[in-house]
Amino acid sequence: MKKIHIGMLSCIIVTCVVIGIFAVMRKSPIQEELSSTGRITLPQPAYDSTTSIEKALLGRRSARDYKDEPLTLAEVSQILWAAQGITDERGFRTSPSAGALYPLELYVVIGNVEGISEGIYRYNPEKHELIKIVDGDKRVELCAAALGQSCVKEGAMTIVFSAVYERTTRKYGERGIRYVHMEAGHAAQNVYLQAVSLNLGTTVIGAFNDEEVKKIVKMADEEHPLYIMPVGKK
């Protein structure tokens, strides 16, 4: 009887070890990185495509209906790079900024993206990475804060643009507020054009409860939300 019990115990131990090994093997490098650091290094963005700038301009439309399909990590990377990616060793970005002061911050509300767990992330342009801030799918909450606009919860991800006005106003004074709003428009248009190139849909939303949006994405007190842009498969 002891031999039988020892044999059964040995089988159980071996089985558990094997299952554990396979569980680790199934984890993607991205999931491993996130679980240990809370950061995801995004894939290198592409700097060329078959879509001309003229074709992207011609096809730019606001889309509020999206398929229930996941975005890829490469698509997320490309969209965020188009919005605020670094394009020069001096730190210049894809969209112009008065005095190169870059007052904008990007938050990404992830709901349906391959290889990334649901949650809210902040985009770090300097390292082209995502930093996790909040766990869980917050698209429904963000939709409510956006006065119930359904596209916010239906997009696979939603970008929230915020601004730290002081970065610009400390140099340009009150006129700097105008410059910040111009910059948000530049960045949003970049997202639109990149979405056309990727055959994705997006739209700009400006109607929302500022305080609720700030609370959901855990913005700092000095930040102010400006834009919400859901993104999804057309």
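Checking each residue in region 137-155 for being in contact with a Phe, Trp or Tyr (Cβ under 7 Å, 6 or more places away or on another chain), assigned to a loop (DSSP other than H, G, I, E, B) and surrounded by 19 or more Cβ atoms within 10 Å (Cβ to Cβ) picks out 146, 155.
What are the residues in region 91-112 that are surrounded by fewer than 20 Cβ atoms within 10 Å (Cβ to Cβ) and hydrophobic (A, V, I, L, M, F, W, C), if any? 92, 98, 100, 101, listed by residue number. Only residues that are in contact (Cβ under 8 Å) with a residue 60 or more places away in the chain and either surrounded by fewer than 16 Cβ atoms within 10 Å (Cβ to Cβ) or out of contact with any helix residue (DSSP H, G or I) (no Cβ under 9 Å at 6 or more places or on another chain) (or both) were counted in region 69-88, giving 3.
Does residue 159 satisfy the condition of being at pLDDT 95 or above, of a type in the set (Val, Ile, Thr) and surrounded by fewer than 23 Cβ atoms within 10 Å (Cβ to Cβ)? Steps first, please.
On the way: at pLDDT 95 or above: yes; of a type in the set (Val, Ile, Thr): yes; surrounded by fewer than 23 Cβ atoms within 10 Å (Cβ to Cβ): no.
Taking the combined requirement at face value, the residue does not satisfy it.
Summed over region 175-232, residues that are over 15 Å from residue 160 (Cβ atoms) and assigned to a strand (DSSP E or B) total 3. Condition check for residue 227 on (1) in contact with a strand residue (DSSP E or B) (Cβ under 9 Å, 6 or more places away or on another chain); (2) farther than 21 Å from residue 121 by Cα; (3) not acidic (Asp, Glu): one failure, at (2). Restricting region 180-202 to residues that are under 15 Å from the mean Cα position of the chain (by Cα) and β-branched (Val, Ile, Thr) leaves a set whose member that is farthest from residue 67 (Cα to Cα) is 191. Count of region 38-64 residues, restricted to those that are surrounded by 12 or more Cβ atoms within 10 Å (Cβ to Cβ) and in a helix (DSSP H, G or I), is 4.
The values are calculated or read from the model by the stated rules, or taken from the named source; none is laboratory data. These figures come from a predicted structure and were not determined experimentally. FYI the Cβ positions are ideal-geometry reconstructions off the backbone, even for glycines, and counts take in every protein chain you see.
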